[in-house]
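What follows is a short report on a single structure.
The values are calculated or read from the model by the stated rules, or taken from the named source; none is laboratory data. For clarity, every value in this text was computed on a predicted model and none was experimentally measured. Please note: Cβ atoms are built from the backbone with ideal geometry, for glycine as well, and neighbour counts cover all protein chains shown.
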Amino acid sequence: MSMSEPSPRDRLLAVATKLFAELGYDQTSKELIADAAGLPASFITEEFGGKRQLYLEVFRQVSAAELALVRRFADGGITRGRYHDFLDDYLDYLQENPEHAALMLQRWLNDAADIREIEQAYVTPQAVEIRMRTAALFREGMDVEMMTWSSAWAAQVFTLTGLPGHGEGEAPRDLERFRRYLHTLADLYLKD
């Protein structure tokens with residue numbers, strides 16, 4: 001295996017992420033994932049313990065990448081302007097990794113409803129960390145939790161759909177318009 005070629009494990013995780021994002025957990029079989037990765041289905045069981053554990057690993061990796069983004073933001077010093085930078089970084093991250101937004105959309109659609117630990121183990125801790133690290137930026141009485149969630153939801157949906165009725169040629173302009181909207185929304189909550 002060359003240095004540029006991903007390992008079978010990494011290849012399988014990339015394919016699983018894409019398929020879980022596109023089709024959802026419930027509609028994605030272990031065999032489909034393995035076949036798309038060019039590996040035997042037994043590899044999933046040997047490497048991860050099964051499809052469920054593979055799904056949890058996908059979310060663990062996505063969560064780790066997003067948490068690293070939060071921590072980079074916080075390590076740079078938290079200010080009003082840096083909060084705008086954080087929103088921009090998160091939006092850019094989703095634009096580069098739309099499958100991560102799609103994974104969350106699948107969760108909202110009640111995909112893999114029997115796997116309850118995703119939100120508890122991965123989603124909620126990120127939101128709590130963002131709220132804890134940014135609470136001092138917000139005006140008294142503002143609902144920091146709702147600002148955190150509504151910004152994330154809006155960025156995720158925008159990443160997947162853009163603006164309804166707008167064509168591809170308008171995408172760069174729409175992205176900048178949406179970025180300005182996120183800043184304006186944040187400014188309603190942030191201290192002057």
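Does any residue of segment 107-125 turn out to be closer than 26 Å to LEU175 by Cα, in contact (Cβ under 8 Å) with a residue 40 or more places away in the chain and not hydrophobic (A, V, I, L, M, F, W, C)?
no
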Quick check on segment 74-94. Is at least one of its residues among the charged types (D, E, K, R), farther than 16 Å from LEU182 by Cβ and modelled with pLDDT of 95 or more? no
Going through segment 94-105 one residue at a time, which ones are under 17 Å from PRO172 (Cβ atoms) and either surrounded by fewer than 17 Cβ atoms within 10 Å (Cβ to Cβ) or over 8 Å from the mean Cα position of the chain (by Cα) (or both)? GLN95, GLU96, PRO98
Which condition does PRO40 not pass, out of (1) in a helix (DSSP H, G or I); (2) exposed (fewer than 14 other Cβ atoms within 10 Å of the Cβ), if it passes all the others? (1)
Looking at segment 107-150 only, could you name the residues that are assigned to a helix (DSSP H, G or I), surrounded by 16 or more Cβ atoms within 10 Å (Cβ to Cβ) and either aliphatic (A, V, I, L, M) or modelled with pLDDT of 95 or more (or both)? ILE118, VAL123, ALA127, ILE130, LEU137, VAL144, MET147
If I ask for residues that are in contact with a helix residue (DSSP H, G or I) (Cβ under 9 Å, 6 or more places away or on another chain) and either aromatic (Phe, Trp, Tyr) or outside any helix (DSSP H, G or I) (or both), which ones from segment 157-192 would you list? PHE158, GLY162, LEU163, HIS166, PHE178, TYR181, TYR189, LEU190, LYS191, ASP192
Write out, first by first residue and then by second, each pair whose Cβ atoms fall under 6 Å of each other, whose residues are 6+ apart or on separate chains, and whose first residue, in segment 21-32, is in a loop (DSSP other than H, G, I, E, B) while the second is among the small types (Gly, Ala, Ser). TYR25/ALA112
Yes or no: segment 64-75 includes at least one residue that is free of Cβ contacts under 8 Å to residues at least 24 places away in the same chain, on the phi < 0 side of the Ramachandran plot and touching a helix residue (DSSP H, G or I) at 6+ places or on another chain (Cβ under 7 Å). no
